[in-house]
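Read through the structure below, which is laid out as structure tokens, and then see the notes.
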Amino acid sequence: MLIDGQATRTIQPVGDGAVEIIDQTLLPHAVERVRLSALDDYLHAIKDMLVRGAPLIGVTAAFGLARALMDDASDAGLDTAVAALAATRPTAVNLFWALERVSQVVRPLALSARADAAHAEAVAIAEEDVAACRAIGEHGAALIEAAARDAKWPVNVLTHCNAGWLATVDWGTALAPIYVAAERGVAVHVWVDETRPRNQGAALTAFELGQQGIAHTVIVDNVGGHLMQHGLVQLVITGADRVTANGDAANKIGTYLKALAAKDNGVPFHVAAPLSTIDWRLSDGVREIAIEERDAREVTWMAGRTADGARAEVQVVAPGSPAANFAFDVTPARLITGFITEFGLAAPDELAGRWGPRVAARA
């Protein structure tokens, strides 16, 4: 996708086991690229959210594992690197999926061949992610086009958090249908939840949409229900960090409330995610998906840009008040209209029957 009119990806190999990423903690006020040259760099980038979004976390971990094998390709070195990378973020399943996939490729190989094979597999995962996200866009755009046929104004899509190209290698998941629909000439407008506490909607989704020239409006997190009550939302599309076999979906905290409001107002609620985000081992998202709890400081302080252009943090909570910071919640399958995957559209109860065997055959 575009930054200042230039085609850009979130992660690019630059040789010697290194990659270049965009430091997303500085967006939208600064676009800075960071080189990840050692395993510790990859661990920091994932844990401290220089990269974020389930697909991009998985791709970054795959490159990180390849880099680690350049230093120690032994079984012990492989296991140590996998464990370190797996410990960075608990909720997004793509992290574990990518590590398992690379491990399965390299473990049977001679030590001298492991690093190159791991890097090649990481590149393949990245390219597959781009293709999958574009396909998600194609399938999801049909939903927006259908809504446009019934609307007398631009189709209003509400989204939560950032599930655009910044959360993937390119194109994104929840935003990909919007980008493809706009390519096809469909008039579309996006309601962008700010997404506290890290404000990924206000900072990242709004940045993306502005760079692509897509009409959008940033709203506070609790406005969505009001908009739905007044007929100002035709579709809700979110991403997901982990989906269970029965169709429960974990996404950024606050997604569950949007799904409840959508159900109450008869607004279709769709989840856009590649099949790599589905954890076929789980069948009860509320009970089985590990929910990350992050530093309370993300709630009590906010980062932004001051009037003179300087970046600053300000305290927004009464001094001494404790804060809880649950990063994700789970939307039950009963509240989800359908999933948008790279292979097409499906109701929650169709996922395992249609695509579970396909994934098993690939393993």
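Go through segment 283-301 and give me each residue that's of a type outside the set (Lys, Arg) and either without any contact (Cβ under 8 Å) to a residue 24 or more places away in the chain or part of a loop (DSSP other than H, G, I, E, B) (or both). Outline the logic, then answer.
Filtering segment 283-301 for residues of a type outside the set (Lys, Arg) gives 283-286, 288-293, 295-296, 298-301.
Within segment 283-301, Ser283, Asp284, Ile289, Ala290, Ile291, Glu292, Asp295, Ala296, Thr300, Trp301 qualify.
From the list Gly304, Gly344, which residue is surrounded by 10 or more Cβ atoms within 10 Å (Cβ to Cβ), touching an Asp or Glu at 6+ places or on another chain (Cβ under 9 Å) and not aromatic (Phe, Trp, Tyr)? So that I can check it myself, show each step before the final result.
Details: Gly344 fails: touching an Asp or Glu at 6+ places or on another chain (Cβ under 9 Å).
The unique qualifying residue is Gly304.
Could you tell me whether Glu121 is among the acidic types (Asp, Glu), under 19 Å from the mean Cα position of the chain (by Cα), surrounded by fewer than 22 Cβ atoms within 10 Å (Cβ to Cβ) and under 30 Å from Pro177 (Cα atoms)? When the stated conditions are applied, Glu121 does not pass them. Across segment 45-59, the number of residues qualifying as among the small types (Gly, Ala, Ser) and under 11 Å from Val169 (Cβ atoms) comes to 2. Among the conditions (1) part of a loop (DSSP other than H, G, I, E, B); (2) surrounded by fewer than 24 Cβ atoms within 10 Å (Cβ to Cβ); (3) hydrophobic (A, V, I, L, M, F, W, C), the only one that Ala142 does not satisfy is (1). Among the residues of segment 219-267, those identified as in a strand (DSSP E or B) and within 18 Å of Glu292 (Cβ to Cβ) are Thr238, Arg242, Val243, Thr244, Ala249, Ala250, Asn251, Lys252. Number of residues in segment 159-186 that are more than 20 Å from Asn199 (Cα to Cα), among the small types (Gly, Ala, Ser) and not in a helix (DSSP H, G or I): the value is 1.
Filter segment 302-342 down to the residues that are charged (D, E, K, R), farther than 21 Å from Leu27 by Cα and part of a strand (DSSP E or B) and list them by number. Give the derivation first.
As a first pass, look at segment 302-342 and keep what is charged (D, E, K, R): 305, 308, 311, 313, 329, 334, 342.
Next, from what is left, pick out any that are farther than 21 Å from Leu27 by Cα: 329, 334, 342.
Passing the criteria: only Asp329.
Note on segment 198-218: among residues that are in a loop (DSSP other than H, G, I, E, B) and surrounded by fewer than 22 Cβ atoms within 10 Å (Cβ to Cβ), the one that is nearest to the chain's Cα centre (by Cα) is Ile214. When restricted to residues that are under 16 Å from Ala115 (Cβ atoms), part of a loop (DSSP other than H, G, I, E, B) and out of contact with any His (no Cβ under 8 Å at 6 or more places or on another chain), segment 1-41 contains 3. Of the listed requirements (1) surrounded by fewer than 22 Cβ atoms within 10 Å (Cβ to Cβ); (2) under 23 Å from Met49 (Cβ atoms), Leu260 misses just one: (2). Comparison of Leu78, Leu85 shows that the only residue that is within 13 Å of Ala118 (Cα to Cα), part of a helix (DSSP H, G or I) and either in contact with a strand residue (DSSP E or B) (Cβ under 6 Å, 6 or more places away or on another chain) or not small (Gly, Ala, Ser) (or both) is Leu78.
Just one of the listed residues (Arg101, Arg149) is surrounded by fewer than 24 Cβ atoms within 10 Å (Cβ to Cβ), in a helix (DSSP H, G or I), in the same structural domain as Ile253 (by TED's automatic domain parsing) and of a type in the set (Lys, Arg), and it is Arg149.
Which ones in segment 49-90 are charged (D, E, K, R) and farther than 27 Å from Ala131 by Cα? Of everything in segment 49-90, those that are charged (D, E, K, R) and farther than 27 Å from Ala131 by Cα turn out to be Asp71, Asp72, Asp75, Asp79.
The values are calculated or read from the model by the stated rules, or taken from the named source; none is laboratory data. None of the values given here were measured: they were computed from a predicted structure. For neighbour counting, all protein chains shown are included, and Cβ atoms are generated from backbone atoms with ideal geometry for every residue, glycine included.
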